[in-house]
1. With the condition kept exactly as written, say whether any residue in segment 282-295 is in contact (Cβ under 8 Å) with a residue 60 or more places away in the chain and surrounded by fewer than 19 Cβ atoms within 10 Å (Cβ to Cβ).
2. Just to be sure, is residue 251 touching a strand residue (DSSP E or B) at 6+ places or on another chain (Cβ under 7 Å) and either modelled with pLDDT under 95 or farther than 30 Å from residue 287 by Cα (or both)?
3. If a residue must be farther than 13 Å from residue 189 by Cα and within 17 Å of the chain's Cα centre (by Cα), how many such residues does segment 150-162 contain?
4. Restricting the search to segment 162-184, which residues are closer than 19 Å to residue 227 by Cβ and free of Cβ contacts under 8 Å to residues at least 60 places away in the same chain?
5. With 204, 239, 208 as the choices, which residue is over 26 Å from residue 167 (Cβ atoms) and under 28 Å from the mean Cα position of the chain (by Cα)?
6. Can you tell me which residues in segment 340-374 are in a loop (DSSP other than H, G, I, E, B) and farther than 30 Å from residue 308 by Cβ?
7. Out of (1) surrounded by 15 or more Cβ atoms within 10 Å (Cβ to Cβ); (2) part of a loop (DSSP other than H, G, I, E, B); (3) modelled with pLDDT of 95 or more, the odd one out for residue 122 is which?
8. Scan segment 185-201 for residues that are surrounded by fewer than 21 Cβ atoms within 10 Å (Cβ to Cβ) and either in contact with a strand residue (DSSP E or B) (Cβ under 9 Å, 6 or more places away or on another chain) or in a strand (DSSP E or B) (or both) and report the count.
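The values are calculated or read from the model by the stated rules, or taken from the named source; none is laboratory data. This structure is a prediction, so every number in the text was calculated from the model and none was measured. With ideal geometry, Cβ positions are generated from the backbone for all residues, glycine too; neighbour counts draw on all protein chains shown.
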């Protein structure tokens, strides 16, 4: 083979005899000259390489801490919601039980009292604590007085005063408007006021706005200062027992009422008793001299204690009280003249003077007093119609107070029995 033969290109394959060609013959010259019969030209090869497929991005794996924290937080929230719901149900159940089982108990404690400002700026730096002593003074009681007048319960008011500490107020102000009442109730208030002064070092001031008679004088006599508004009545230093009735010459009786009924020449009522004087007060027999002497001695002893208390606290001799003052009621100025009070003052003047007596600036002092319980206390059964330690007047029924029913008890009161006890 020559060198020229080795460099000559090898012949191409015979396309006419290729198995892929089949029976298709080559186009004729006419077909090649007709553009409509020619196949569309192939698109030129793109010079750009196709973009490679985007790699698969695997979702980042959450750390074990985040997964655990999320699960724990969800569980905690769920448990919290359940616990809150259970707590709410328990609280509601407790409220219902308290209201049903112990109604009113929230209003039977001195610690539940609510107060409101009755004089001065509510934002003042200094405070005087006012306690009302109004209506008949009874020893203890409930939401409604057992009289046809309002009532102050001496033991309950004493509890309120005993709860006061030195930091609670700069002084104690007794607002007096009472005809008196039971000796235990009046004395309880007087002794509580004395304990307050000894415990706190603060003064006790009394202000009379209507009347401070008998037990009212007893309750306020120990105050450091007593001021009275114009037109008030003060005094009646005395005690009383009764009433006693004796029916003589009775010829008619109807169930104990002396009108209509059965007529007779004589009517006798008696008790079977053991012990001399056991039927004392029987209206169908006269009081014996011995009974009169015994019970007079009883009330004399209470009178002696009353007189000595006023004498010691007001600086008046017992002889003056017994022989000159007696059990009379005096107008405000006469009461001052007889040393039962210290000055006649209007309300604002008296309150400013009370602040001065307490060693504080009247212009930066407020006076607070008890008021009816708030919503929370009412929710727990507190009586919203009254202030603790006080009772509203009866509107119907029979008066059951010992002031009306106990003829053999000694009282320090100066009230109209019909007005207080009913006819």
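1. As a first pass, look at segment 282-295 and keep what is in contact (Cβ under 8 Å) with a residue 60 or more places away in the chain: 295.
Now drop any that are not surrounded by fewer than 19 Cβ atoms within 10 Å (Cβ to Cβ), which leaves none.
The answer is no, given that none of the residues of segment 282-295 is in contact (Cβ under 8 Å) with a residue 60 or more places away in the chain and surrounded by fewer than 19 Cβ atoms within 10 Å (Cβ to Cβ).
2. Numbers: touching a strand residue (DSSP E or B) at 6+ places or on another chain (Cβ under 7 Å): yes; either modelled with pLDDT under 95 or farther than 30 Å from residue 287 by Cα (or both): yes.
It is true that residue 251 is touching a strand residue (DSSP E or B) at 6+ places or on another chain (Cβ under 7 Å) and either modelled with pLDDT under 95 or farther than 30 Å from residue 287 by Cα (or both).
3. Quick first cut of segment 150-162, residues farther than 13 Å from residue 189 by Cα only: 150-151.
So of that shortlist, the ones also within 17 Å of the chain's Cα centre (by Cα) come out as none.
Residues in segment 150-162 being farther than 13 Å from residue 189 by Cα and within 17 Å of the chain's Cα centre (by Cα): 0 in total.
4. Hits for segment 162-184 are 172, 174, 176, 177, 178.
5. Working: 204 fails: over 26 Å from residue 167 (Cβ atoms); 239 fails: under 28 Å from the mean Cα position of the chain (by Cα).
Of the residues listed, the single one that is over 26 Å from residue 167 (Cβ atoms) and under 28 Å from the mean Cα position of the chain (by Cα) is 208.
6. First, the residues of segment 340-374 that are in a loop (DSSP other than H, G, I, E, B): 340-342, 345-346, 358-361, 372-374.
Correct list: 346, 359, 360, 361, 372, 373, 374.
7. (1)
8. Going through segment 185-201, the residues surrounded by fewer than 21 Cβ atoms within 10 Å (Cβ to Cβ) turn out to be 191, 194-195, 197-201.
With the extra rule that they be either in contact with a strand residue (DSSP E or B) (Cβ under 9 Å, 6 or more places away or on another chain) or in a strand (DSSP E or B) (or both), the set shrinks to 194, 197, 200.
Total meeting the criteria: 3.
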